[in-house]
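Following: one structure in structure tokens, then a few remarks.
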Amino acid sequence: MKKNTSGEDFKSLKILHLALIMGASLIAVVIYYLADREKAVFSYDFQMLELAAISLAFISPVMAYVINNTRLQKIDASSSLPEKWSNYRAIQISKYALIEGSILINIIVFFLNNNLLLFLIALILMPILYFMKPTKEKIVEDLNISHAEVENL
């Protein structure tokens, strides 16, 4: 079995990130057209499920930020690049999953209750997920790696 290099791992993380965004966008479009749009309204009279979805939408970016920073600080600076990368990738995937889950839950609750506010919240979360995209500069900053290690990415 061939071992991936860091460059391939970086590319796979970028592809995963893009796939999550495209998947959420595709699901949003399909659900929007499957929903009963004639009954869809902006409602501020929330049911318990809607409140839970909205709360999750506001809490998940904050949780993603806090968990990301906490776990990044725990990465040992003296570790090898593959070990740092493995930890970093796991942290990023967890961060993406928090936001993606919140997007999908709001889309599903919109489909169930026809409250356009939930769909709008899901659409607002999508750019937040997009701007979390992995870049080499961000990796260098997060992992405090040397310029020699940057070339391996």
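Determine whether Asn87 is surrounded by 13 or more Cβ atoms within 10 Å (Cβ to Cβ), touching a helix residue (DSSP H, G or I) at 6+ places or on another chain (Cβ under 9 Å) and farther than 29 Å from Arg37 by Cβ.
Spelling it out, Asn87 is indeed surrounded by 13 or more Cβ atoms within 10 Å (Cβ to Cβ), touching a helix residue (DSSP H, G or I) at 6+ places or on another chain (Cβ under 9 Å) and farther than 29 Å from Arg37 by Cβ.
Looking at the stretch 18-36, can you tell me whether even one residue there is modelled with pLDDT under 90, of a type in the set (Asp, Glu) and surrounded by 11 or more Cβ atoms within 10 Å (Cβ to Cβ)? Can you show your working first?
Going through the stretch 18-36, the residues modelled with pLDDT under 90 turn out to be 35-36.
Remaining after also requiring of a type in the set (Asp, Glu): 36.
Okay, now just the ones that are also surrounded by 11 or more Cβ atoms within 10 Å (Cβ to Cβ), so none.
No; the residues of the stretch 18-36 include none that is modelled with pLDDT under 90, of a type in the set (Asp, Glu) and surrounded by 11 or more Cβ atoms within 10 Å (Cβ to Cβ).
Residue-by-condition table, conditions (1) under 11 Å from the mean Cα position of the chain (by Cα); (2) surrounded by fewer than 17 Cβ atoms within 10 Å (Cβ to Cβ); (3) under 17 Å from Leu26 (Cα atoms):
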| residue | (1), (2), (3) |
| --- | --- |
| Ser94 | yes, yes, no |
| Gly101 | yes, yes, yes |
| Asn106 | no, no, yes |
| Phe111 | no, no, yes |
| Ile121 | no, no, yes |
| Phe131 | yes, yes, no |
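Given the residues Glu100, Glu83, which is the only one that is charged (D, E, K, R), closer than 22 Å to Ile15 by Cα and at pLDDT below 90?
Only one candidate qualifies: Glu83.
Residues Ile107, Ile103, Ile99, Ile93: which one is under 26 Å from Ile145 (Cα atoms) and not basic (Lys, Arg)?
Being under 26 Å from Ile145 (Cα atoms) and not basic (Lys, Arg) holds for just one of Ile107, Ile103, Ile99, Ile93, which is Ile93.
I'd like the full set of residues that are of a type in the set (Ser, Thr, Tyr) and closer than 18 Å to Ile105 by Cα, limited to the stretch 45-72.
Of everything in the stretch 45-72, those that are of a type in the set (Ser, Thr, Tyr) and closer than 18 Å to Ile105 by Cα turn out to be Ser55, Ser60.
Residue-by-condition table, conditions (1) without any contact (Cβ under 8 Å) to a residue 12 or more places away in the chain; (2) under 23 Å from Pro134 (Cβ atoms); (3) among the aliphatic types (A, V, I, L, M):
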position: Val41; (1), (2), (3): no, no, yes
position: Asn68; (1), (2), (3): no, yes, no
position: Leu72; (1), (2), (3): no, yes, yes
position: Glu83; (1), (2), (3): yes, yes, no
position: Ser102; (1), (2), (3): no, yes, no
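Search the stretch 41-78 for residues being among the hydrophobic types (A, V, I, L, M, F, W, C) and not in a helix (DSSP H, G or I), and hand back the single one that is farthest from the chain's Cα centre (by Cα).
Val41
The values are calculated or read from the model by the stated rules, or taken from the named source; none is laboratory data. Since the structure is predicted, the reported quantities are computational estimates derived from the model, not experimental observations. Methodologically, a virtual Cβ is constructed for each residue, glycine included, from the backbone with ideal geometry; neighbour enumeration extends over all protein chains shown.
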